[in-house]
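Visitor: Take a look at the following structure, please.
The values are calculated or read from the model by the stated rules, or taken from the named source; none is laboratory data. A quick note: this is a predicted structure, and the numbers were derived from the prediction, not measured. Cβ atoms come from the backbone with ideal geometry, glycine included; neighbour counts cover every protein chain shown.
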Amino acid sequence: MGMFTRSMAMFERTFKEFIRNRAVLFWTIGWPAIWLVLSSVLFTSGTPEEWLPQTKGSFTISMIGFGLMTSGIANLAGNIARDKERGIYRKISSMPIKAQEDALGRLLGLLIFTFAGSLIVLVIGFLIGARFGGGILGGSQCIGYAFLMILSASGIGLILGSLVKYEGTSINIGVGVTVLTASISGMFAPYSFLPEVLQQFSRMYPLSTAVSSIIYILEGERFAGYNPLYPEHIIYTIISSLTIFMIGLILYKQRIWSNRP
């Protein structure tokens, strides 16, 4: 069995577990869809008619980002902790699978599941009147920032999954971290509504600044709240996202694969 086959086997198992878990489906797809509809009502009062499509578009991007955060932070952490509880890592200790192959399969499962969830939220956004600009170049830039979000969210999920023993605890902590950081970084409300200290946090938190970058690219600075695309900030977003992911991957390899709990 080659590396690709082993990774694909882990991918298939991870993806199936995600789509069978009702809590995962709710926090990744259900809640973002619900809040998207609510925010289009709560935060559009007094908005000029010509700005409504872009405003709803920015809400849609934020909720896609929240679903992605939930997948990487809570779902991946719970998936790892579940396998620890079941003794899966001990069972595969005799198999020729390596830590990087296991991690790749899990991340691919996360990626495909997140893509499907994002597509559903995007369709709902279109149905309530969201519209986007940006063109082909903007779309390619957005894919890059979405990938950075997946890396940083997965890094946090790997950290939680490696440190927390039980599945339920991992998921609860992951959801708590996601909701808290999303709330204080402006993903549930426009950036302009945040106090200055939380605006600073929003600019520094890799996940929220990636969302703001996508909003800036597709809808403009008026809806992002600030310009996150100056060179120093772009470099910071890339480095911080990669750093979080590498810390998670190293911790996962040391605590899970070295000890085989």
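Visitor: With in contact with an Asp or Glu (Cβ under 7 Å, 6 or more places away or on another chain), on the phi < 0 side of the Ramachandran plot, part of a helix (DSSP H, G or I) and surrounded by fewer than 19 Cβ atoms within 10 Å (Cβ to Cβ) as the only criterion, which of ARG82, ARG90 stands out?
Guide: Result of the check over ARG82, ARG90: ARG82.
Visitor: Now, a different point. Can you tell which of PHE11, PHE18, PHE59 is at pLDDT below 90, under 16 Å from VAL121 (Cβ atoms) and buried (at least 16 other Cβ atoms within 10 Å of the Cβ)?
Guide: None of the others qualify; the one that does is PHE18.
Visitor: Okay, moving on. If the Cβ limit is 8 Å and pairs must be 6+ apart or interchain, which residue in the stretch 224-236 that is free of Cβ contacts under 8 Å to residues at least 40 places away in the same chain and part of a helix (DSSP H, G or I) pairs with which residue that is among the basic types (Lys, Arg) and surrounded by 16 or more Cβ atoms within 10 Å (Cβ to Cβ)?
Guide: HIS233/ARG203
Visitor: Separate question: In the stretch 132-147, which residues are over 14 Å from the mean Cα position of the chain (by Cα) and hydrophobic (A, V, I, L, M, F, W, C)?
Guide: Within the stretch 132-147, PHE132, ILE136, LEU137 qualify.
Visitor: State yes or no: is GLY186 over 23 Å from GLY78 (Cβ atoms), crowded, with 24+ Cβ neighbours inside 10 Å and not aliphatic (A, V, I, L, M)?
Guide: Answer is yes for this residue.
Visitor: Can you pull out every residue in the stretch 195-221 that is over 19 Å from the mean Cα position of the chain (by Cα) and free of Cβ contacts under 8 Å to residues at least 24 places away in the same chain?
Guide: PRO195, GLU196, VAL197, LEU198, GLN200, GLU221 - these are the residues of the stretch 195-221 that are over 19 Å from the mean Cα position of the chain (by Cα) and free of Cβ contacts under 8 Å to residues at least 24 places away in the same chain.
Visitor: Separate question: Spot the failing condition for ILE171; the list is (1) modelled with pLDDT of 90 or more; (2) within 19 Å of the chain's Cα centre (by Cα), and only one is missed.
Guide: Condition (1) is where ILE171 drops out.
Visitor: I've got another one for you. Taking ILE80, is it among the aliphatic types (A, V, I, L, M), touching a Leu at 6+ places or on another chain (Cβ under 8 Å) and farther than 22 Å from SER192 by Cα?
Guide: In short, yes.
Visitor: Follow-up question, since we're still on this one. Looking at the stretch 49-62, can you tell me whether even one residue there is part of a helix (DSSP H, G or I), of a type in the set (A, V, I, L, M) and either touching a helix residue (DSSP H, G or I) at 6+ places or on another chain (Cβ under 7 Å) or closer than 23 Å to TYR252 by Cα (or both)?
Guide: yes
Visitor: I've got another one for you. Pick from the stretch 189-220 the residues that are at pLDDT 90 or above and among the hydroxyl-bearing types (Ser, Thr, Tyr): which of them is surrounded by the most Cβ atoms within 10 Å (Cβ to Cβ)?
Guide: The selected residue is SER212.
Visitor: Going by the conditions given, is ILE239 touching a residue at least 60 places away in the same chain (Cβ under 8 Å) and either surrounded by 24 or more Cβ atoms within 10 Å (Cβ to Cβ) or aliphatic (A, V, I, L, M) (or both)?
Guide: no
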